[in-house]
Amino acid sequence: MEKINREQVQELLNSYQDKKVYIHVEVTSGMYASHLDDQVFNTGMFLRNVPVNYTQGAIRGGGEGQYRVGLKLDNGGWVYVLGLTHFEVNENNEFIMHGFNYEGKLASALEISTKEFFK
Amino acid sequence: MEKERQVLVIFPHPDDEAFGVSGTMSRYVDMGVPVTYACLTFGDMGRNLGYPPFATRESLHEIRKREVEESARLIGLDDLRLLGYRDKTLEFEPPGHLKGVVRDMIDELEPSRIITFYPGYSVHPDHEATAEAVIEAVSEMPASERPALQLVAFSNNTLQDLGEPDIVVNIEGYEERKEKIMAAHESQTGPLLKTLAGNTQESEAARQMWMKNETFYSYDID
């Protein structure tokens, strides 16, 4: 993974536009967050292998290396992820964006692929 | 620690065996006891992807599979079973499904002792689902055929509710092997290993916690 390069990520987002793609979306505070600190409210979510078609995808932000990505779907819906810091396209041609927190732990993710992700 | 006919260790995540149980498993292996480790998921939703990151959400299952295979090799296991469920999802399997999986393994292996998590005291929903499945499966067996249960509990209210652990396994002489086993789970254990190797009070506390004894609770059905 490398730190997000805004131009490269925007080009990648453009390349998946107006196609049926599968997404993995994730936000997590970790399963042990409130075990380790009872002042923390545990939250998290993931969506995996959800097919979508977006007509517009854009990357914004970038202050302190943290970016936001929004996908406007063909039915008018949205996919939105905050706190993305790193990206890569892996050997399976999956476009992966991850947000790592200050301890280096995954805090958010948005992944896009024309094929289904590993189940 | 008595010689068992067969020990079955059931946990949901690659590395669950490393911290609290790998010394015990190694001791059983060295006694000539057959030990099976059934690991229900690949731990593929973990948040630790290395620092700086060397894994992604997509490569993690392959990396953690290799890590647990190396861990099993270091423990000396010849029966590692990776069941391949997705991390974080065990509690959402159909009711009774995991119990059936556990029951099939018990029928096949006829373990005299099962090591798993303590239901209600193991924090992570996957741990709880695993523990409940084991308790349900064993509960259905005739009392005379039930394997002994040796359970790991670590929620913050454990000591208050359950008291001191009644099974204490001394792992003196296994420190180096256990450290290697923990190191095998590189994507998870990097910072902890640095702490263990240090000269600080925190390091000494960590060594006391992980490298002297492994502690468990026994559990009687009914």
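The values are calculated or read from the model by the stated rules, or taken from the named source; none is laboratory data. From a predicted model like this one, the values you see are computed outputs, not experimental measurements. Neighbour counts run over all protein chains shown; Cβ positions are idealised from the backbone, glycine included. Ligands, DNA and RNA are excluded from the accessible area calculation, which covers all protein heavy atoms including side chains. Shrake-Rupley method; radii C 1.70, N 1.55, O 1.52, S 1.80 Å.
Given a 1.4 Å probe and the protein chains as shown, residue B:174 ends up with an accessible area of around 40 Å².
Determine the share of the protein assembly as shown's accessible area contributed by carbon and sulfur atoms, expressed in whole percent, with a 1.4 angstrom probe. Spell out each step's value before the answer.
On the way: 7900 of 16250 Å².
It is 49 percent, rounded to a whole number.
When the expected Rg is taken as 2.2 N^0.38 Å, what fraction or multiple of it is the alpha-carbon Rg of the stretch B:1-61? Mind dumping the intermediate values first?
On the way: Rg = 14.8 Å, N = 61, 2.2 N^0.38 = 10.5 Å.
For the stretch B:1-61, the normalised Cα radius of gyration is 1.41.
Within the protein assembly as shown, the ratio Rg/Rh, alpha carbon atoms throughout and Rh by Kirkwood, equals 1.01.
Translational D (Stokes-Einstein, µm²/s) of the stretch B:55-128 at 20 °C and 1.002 mPa s when Rh comes from the Kirkwood sum over C-alpha pairs? Could you put the intermediate results ahead of the total?
Numbers: Rh = 14.6 Å.
Rounded, D is 147 µm²/s.
In the stretch A:1-16, the residues whose accessible area drops by at least 10 square angstrom when the other protein chains are added to the isolated chain are A:1; the probe is 1.4 Å and only protein heavy atoms count. GNM remark for chain B: springs join alpha carbons under 10 Å apart, and the peak mean-square fluctuation among B:125, B:14, B:142 falls on B:142.
Averaging the inverse of every distinct alpha carbon separation and then flipping it gives the Kirkwood radius. What is it for the stretch A:2-113, in angstrom units? Write out the running numbers ahead of the final one.
Working: mean 1/r = 0.0687 Å⁻¹.
For the stretch A:2-113, inverting the mean 1/r across all distinct Cα pairs yields 14.5 Å.
Quick check on my link table: of B:88/B:180; B:178/B:212; A:19/A:72; B:180/B:212; B:3/B:180, which ones sit more than 18 Å apart, alpha carbon to alpha carbon? Don't skip to the answer; put the middle values down first.
Details: B:88/B:180 27 Å; B:178/B:212 11 Å; A:19/A:72 13 Å; B:180/B:212 15 Å; B:3/B:180 25 Å.
Listed pairs above 18 Å: B:88/B:180; B:3/B:180.
Report, to the nearest 10°, how far helix A:6-15 tilts away from the longest principal axis of the Cα atoms in chain A, using its own Cα long axis and a range of 0 to 90°. Helix A:6-15 sits at roughly 50 degrees to that axis.
Based only on the alpha carbon positions, what is the Kirkwood hydrodynamic radius of chain B, in angstrom? If you can, show how the numbers build up before the last one.
Values: mean 1/r = 0.0563 Å⁻¹.
Evaluated over chain B, this radius sits at 17.8 Å.
Across the stretch B:48-56, computed HN-Hα scalar couplings (Karplus, 6.51 cos²θ - 1.76 cosθ + 1.60, θ = phi - 60°) run 8, 10, x, 9, x, x, 10, 10, 10 Hz from first to last residue, x flagging Gly and Pro. Among the GluC sites (Glu not before Pro) within the stretch A:38-111, those in coil by DSSP and having at most 13 neighbouring Cβ atoms inside 10 Å are A:91, A:103.
Given only helices, namely DSSP H runs of n ≥ 4 each adding -39500 (n - 2.57), what is the per-residue ellipticity at 222 nm of chain B, to the nearest 500 deg cm²/dmol?
On the way: 9 runs with 96 residues, N = 222.
The per-residue figure over chain B is -13000 deg cm²/dmol.
What the stretch B:120-159 shows is 38 Å² of accessible area per residue, with the surface traced by a 1.4 Å probe over protein heavy atoms.
Burial annotation for the stretch B:21-58: residues with an accessible-area loss of at least 20 Å² between the isolated chain and the complete set of protein chains, computed on heavy atoms with a 1.4 Å probe, are B:45, B:47, B:48, B:49, B:51, B:53, B:56, B:57, B:58. Taken one residue at a time, the phi angles of the stretch A:24-40 give Karplus couplings (6.51, -1.76, 1.60, θ = phi - 60°) of 10, 10, 8, 9, 8, 9, x, 5, 9, 3, 7, 5, 7, 8, 6, 7, 9 Hz. Gly and Pro are set to x. Taking every protein chain into account, the accessible area of chain A amounts to 54 square angstrom per residue (probe 1.4 Å). Under a Gaussian network description of chain B, with springs only between Cα atoms under 10 Å, the residue in B:188, B:160, B:208 that fluctuates furthest is B:160. Distance from the alpha carbon centroid of the stretch B:137-166 to that of the stretch B:18-45 works out to 17 angstrom. Highest GNM mean-square fluctuation among B:117, B:11, B:54, for chain B modelled with Cα contacts below 10 Å: B:54.
Loop-only trypsin sites (Lys or Arg not before Pro) in the stretch A:1-46, please: DSSP not H, G, I, E or B, and at most 14 other Cβ atoms within 10 Å. Intermediate results must be reported in sequence, preceding the final value.
Details: sites: A:3, A:6, A:19, A:20; in loops: A:19, A:20.
For trypsin sites (Lys or Arg not before Pro) across the stretch A:1-46 that sit outside H, G, I, E and B with at most 14 neighbouring Cβ atoms in 10 Å, the list reads A:19, A:20.
Tell me, what is the percent relative contact order of chain B, built from C-alpha pairs under 8 Å that lie six or more residues apart? Present the calculation step by step, with values, prior to reporting the outcome.
Working: 370 pairs, mean separation 57.3, N = 222.
Across chain B, relative contact order equals 26 percent.
Take the accessible area of chain B alone and of chain A alone, subtract that of the pair, and you get about 2200 Å² summed over both chains, using a 1.4 Å probe. Of the residues B:213, B:94, A:82, the one whose Cα sits farthest towards the positive end of the charge dipole of the protein assembly as shown is A:82 (charges of +1 on Lys and Arg Cβ, -1 on Asp and Glu Cβ, taken about the Cα centre).
For the stretch A:2-113, calculate the relative contact order in percent as a whole number, restricting contacts to Cα pairs under 8 Å that are 6 or more residues apart. Write out the running numbers ahead of the final one.
Values: 233 pairs, mean separation 30.3, N = 112.
Once normalised by length, the contact order is 27 percent.
Under 5 Å from the amide H of residue B:6 lie the amide H atoms of B:112, B:113, each residue being 5 or more positions distant or on a separate chain, with H modelled from the backbone and absent for Pro and chain starts.
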